[in-house]
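Trainee: The structure's right below; bear with me while I get my questions together.
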Amino acid sequence: MKITLVRGDITEQDVDAVVNAANSSLLGGGGVDGAIHRKGGPDILDGCRKLRAAQYGGGLPVGQAVATTAGRLPAEWVIHTVGPVYSEADDRSDQLASCYRESLRVADELGVESIAFPAVSAGIYGWPIDDAARIAVGTVRSTPTKVGDARFILFDPDAYAAFERAV
Ligand code: AR6
């Protein structure tokens, strides 16, 4: 698998699937989630509502991933995953790693060749960026998948630098 780091906005990536750093409600929020719903338009929220009604009445659990279509985004699919809120007292690294593993599992089910990830949990959910980057890169590298092209899309220079160190 080829792993690439990109400075930029995940909503502009021309890949088969973009990963959304969502919350359990799947009904939108700030950060990456807000940007994806704003740019992608109402089809994405429609898909999320249907998933809630059909399968996830109680919300999507932390560490899991599900897909909807991508509306007006250049991508074909949005894979929504719910990162853990960072806690100093409680090591939630396995849950964060699971976000990347489960996103790749869903990508394989969809036959996705290229995927773009944000730094899940590293914004509003407060995960320290170096640790978030290490878990992200390590998990994507070590997960068996048919996805051949994985990109990490880093919004700010600090995040980009942390991912460079992790790679
Ligand atoms: N493209 C790429 N990266 C971005 C973009 C963008 N357009 N916007 C922000 N980032 P966050 P989380 C970076 O907060 O920590 C939402 O309300 C950002 O700088 O989007 O998992 C959800 O609904 C940071 O490095 O996700 C949840 O409630 C990284 O993406 C909650 O936030 C992730 O930041 C999830 O929080």
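The values are calculated or read from the model by the stated rules, or taken from the named source; none is laboratory data. These numbers were taken from a predicted model, which means no experiment stands behind them. Here Cβ is always computed from backbone atoms with ideal geometry, including for glycine, and neighbour counts include all displayed protein chains. The protein model used for the area step is the full one, side chains on, heavy atoms only, and it has no ligands, DNA or RNA in it. Shrake-Rupley method; radii C 1.70, N 1.55, O 1.52, S 1.80 Å.
Trainee: Only one of these conditions is not met by His80: (1) within 16 Å of the ligand (Cβ to nearest atom); (2) within 17 Å of Phe152 (Cα to Cα); (3) open to solvent by less than 60 Å² (accessible area, probe 1.4 Å); (4) over 13 Å from the mean Cα position of the chain (by Cα). Which number is it?
Mentor: Unmet for His80, out of (1) within 16 Å of the ligand (Cβ to nearest atom); (2) within 17 Å of Phe152 (Cα to Cα); (3) open to solvent by less than 60 Å² (accessible area, probe 1.4 Å); (4) over 13 Å from the mean Cα position of the chain (by Cα): (4).
Trainee: Do you know which residues across region 111-126 are buried (at least 22 other Cβ atoms within 10 Å of the Cβ) and in contact with a helix residue (DSSP H, G or I) (Cβ under 7 Å, 6 or more places away or on another chain)?
Mentor: Ile115, Ala116, Phe117, Pro118, Ala119, Val120, Ser121, Ala122
Trainee: Which one of these is surrounded by 16 or more Cβ atoms within 10 Å (Cβ to Cβ), closer than 18 Å to Val147 by Cβ and either in contact with a Lys or Arg (Cβ under 8 Å, 6 or more places away or on another chain) or of a type in the set (Phe, Trp, Tyr) (or both): Ala65, Ala17, Ala75, Ala70?
Mentor: Ala65
Trainee: On the basis of being more than 14 Å from the ligand (Cβ to nearest atom) and at pLDDT 95 or above, does Asp43 make the cut? It would help to see each step written out before you state the result.
Mentor: Numbers: more than 14 Å from the ligand (Cβ to nearest atom): yes; at pLDDT 95 or above: yes.
Judged against the criteria, Asp43 is a match.
Trainee: Only one residue in Tyr56, Tyr86 is among the aromatic types (Phe, Trp, Tyr) and closer than 22 Å to Gly138 by Cα. Which one?
Mentor: Sole residue among the options that is among the aromatic types (Phe, Trp, Tyr) and closer than 22 Å to Gly138 by Cα: Tyr86.
Trainee: Between residues in region 2-29 that are farther than 21 Å from Gly126 by Cβ and residues that are acidic (Asp, Glu), which pairs lie under 8 Å by C-beta distance while being six or more apart or on different chains?
Mentor: Pairs found: Lys2/Asp149; Thr4/Asp149; Leu5/Glu164; Val15/Asp149; Asp16/Glu76; Asp16/Glu113; Ala17/Glu76.
Trainee: I'd like the full set of residues that are more than 8 Å from the ligand (Cβ to nearest atom) and among the hydroxyl-bearing types (Ser, Thr, Tyr), limited to region 6-24.
Mentor: Selection gives Ser24 alone.
Trainee: Gly31: modelled with pLDDT of 95 or more and under 16 Å from the mean Cα position of the chain (by Cα), yes or no?
Mentor: Details: modelled with pLDDT of 95 or more: yes; under 16 Å from the mean Cα position of the chain (by Cα): yes.
Criteria met by Gly31.
Trainee: Could I ask something else about it? Yes or no: Ser87 within 18 Å of Ile135 (Cα to Cα) and either out of contact with any helix residue (DSSP H, G or I) (no Cβ under 9 Å at 6 or more places or on another chain) or within 14 Å of the ligand (Cβ to nearest atom) (or both)?
Mentor: It is true that Ser87 is within 18 Å of Ile135 (Cα to Cα) and either out of contact with any helix residue (DSSP H, G or I) (no Cβ under 9 Å at 6 or more places or on another chain) or within 14 Å of the ligand (Cβ to nearest atom) (or both).
Trainee: Go over the candidates Ser93, Ser103, Ser114, Ser24 one by one and state the one that is more than 19 Å from Phe163 (Cβ to Cβ) and of a type in the set (Ser, Thr, Tyr).
Mentor: Ser24
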